[in-house]
Amino acid sequence: MNKILTAVSLTVALSACATKGYVREQVNTQVSALKASTDADMAAERSARTAGDSALRADIASLRGALDSLRSEFNVKITAMENGIKFAFPVHFGFNETMVRDADRAALDRFAGVVKKYYGSSKVTVEGFADPAGSAAYNKRLSLKRAQAVKDYLTGQGVDSQSLQAVGYGKTRLVAPNAWGDKPGADLNRRVVFVIESGEASVASTTGTMTTP
């Protein structure tokens, strides 16, 4: 009887050991599989991040090239602001005129391309100005018409009209004080300035590196 009980006990013990061994093997297998999956996910994430970083660097380089082209080809003054970027264009108007000059169309065409490619979801304000001749009220209306004319031109070049806003500042912020009519520097007062507010545009946060004096 004792031999039988011993044999039964030994059989149960061996069975328990075998069960524990099987469970341990299954756990190890699952752990290994989980680790392999995690490693693969991490590798994929690193790859995606690297690709994203490369794309961002390419976008930054492309934008920098576009802004450098505006500066060198059209003498645009570009200044980074706290919440955006300002473009002072050499786009001027004749005395008491509001029409966009043929000579300025190439610069505006290039600016429209930059806006569409890099600042499609940003707000663009067209600021119009006038020389000091005439009353403040008249010049404010005149400067607004100039800004509106430029806005309409950019819209015609494919810039979303909903992202554009025209404002007139009249004879405030004069570049050449007391210069009006045909006086030297008067055309610098009859101008437009563009302000692009930072939004979800490509590499909009890089404008700080684009500041020009």
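Coordinate-derived values only; no laboratory data. Note that the structure is a prediction, hence the values are computed from the model and not measured. Note that we place each Cβ from the backbone using ideal geometry, even for glycine, and neighbour counts take in every protein chain shown.
A few notes on this one:
- You can think of it this way: the chain between Arg173 and Lys123 has 15.8 nm of extra reach, that is 0.36 nm per residue less the Cα-Cα gap.
- If R0 equals 30 Å, the separation of the Cβ atoms of Ala136 and Arg105 corresponds to a calculated FRET efficiency of about 0.50.
- Other residues with beta-carbon under 15 Å from the beta-carbon of Gly158 carry, at +1 per Lys or Arg and -1 per Asp or Glu, a net charge of +2.
- For peptides 179-192, 60-73, sequence by mean Cβ density within 10 Å, most packed first: 179-192, 60-73
- Given Lys123/Lys183; Lys77/Lys145; Lys116/Lys140; Lys117/Lys140; Lys117/Lys171, the pairs whose alpha carbons are separated by over 26 Å: Lys123/Lys183; Lys116/Lys140; Lys117/Lys140; Lys117/Lys171
- The Kirkwood hydrodynamic radius of the range 75-210, based on inverse pair distances between different Cα atoms, is 15.0 Å.
- Highest-first arrangement of 157-166, 130-139, where packing means the average Cβ count within 10 Å: 130-139, 157-166
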